[in-house]
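Chemist: Questions regarding the structure given below will be posed in turn.
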Amino acid sequence: QLQLVESGGGLVQAGGSLRLSCTASGSTFSSYTMAWFRQAPGEKRVFVAAISRNDGRTHYEDSVADRFTISRDDAKKTVSLQMNSLKPEDSAVYLCAATVNYYAAYEEWYDYWGQGTQVTVSS
């Protein structure tokens, strides 16, 4: 079992930055690939970024690849998402997720989820 708690969301102007964090408790954090998804009102949950277990390889959705950076600290059991040059279309609830798979971009492959943190980008 793994429990995930996100923090760091908020309101920011377009062009600004936010850093999201997800802290895990319970199981062996380093055994999981960690990811961020986001969900806007009335829309499906979509993949944003992932960082794989073992080698820390990163994966990004195309629209954020040059603006967001995912990182992890296995000793502190945290995964972070640094978001720069934010746009109004980045507004959503951001959710942290964990999977035992090496890499997955589909929510069905993730076993554990946090409650989410709201990010709102004003124009």
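Chemist: Which distance in nm do the two modelled labels at R57 and S27 give, with both placed 7 Å along the Cα-to-Cβ direction?
Modeler: So the label points at R57 and S27 sit 2.1 nm apart.
Chemist: Looking at the chain, what % of its DSSP beta bridges pair antiparallel, to the nearest 5?
Modeler: 90 percent
Chemist: Give me the percent of accessible area attributable to carbon and sulfur for the chain, probe 1.4 angstrom.
Modeler: Taking all protein chains in place, the chain shows 46 percent carbon and sulfur surface.
Chemist: Right, next: Any idea what the dipole of the chain comes to, in debye rounded to 20, about its Cα centre with Lys/Arg Cβ at +1 and Asp/Glu Cβ at -1?
Modeler: Value, rounded to 20: 260 debye.
Chemist: For the chain, what does the convex hull of the Cα positions come to per residue, in cubic angstrom?
Modeler: So the per-residue Cα hull volume is 89 Å³.
Chemist: Which order do the peptides 71-78, 22-29 come out in when sorted by mean C-beta neighbours inside 10 angstrom, highest first?
Modeler: 22-29, 71-78
Chemist: Give the residues of the stretch 1-18 whose amide nitrogen is closer than 19 Å to a point set 7 Å from the Cα of E43 in the direction of its Cβ.
Modeler: Backbone N within reach: 9-18.
Chemist: Still on this structure, please answer the following. Sort out for me the Cα centre separation of the stretch 97-121 from the stretch 1-35, rounded to whole Å.
Modeler: About 10 Å separates the Cα centre of the stretch 97-121 from the one of the stretch 1-35.
The values are calculated or read from the model by the stated rules, or taken from the named source; none is laboratory data. Please read these numbers as outputs of a predicted model, since none were measured by experiment. Cβ: placed from backbone, ideal geometry, glycine included. Neighbour counts: every protein chain shown. Side chains are part of the model used for accessible areas, which takes the heavy atoms of the whole protein and leaves out ligands, DNA and RNA. Shrake-Rupley method; radii C 1.70, N 1.55, O 1.52, S 1.80 Å.
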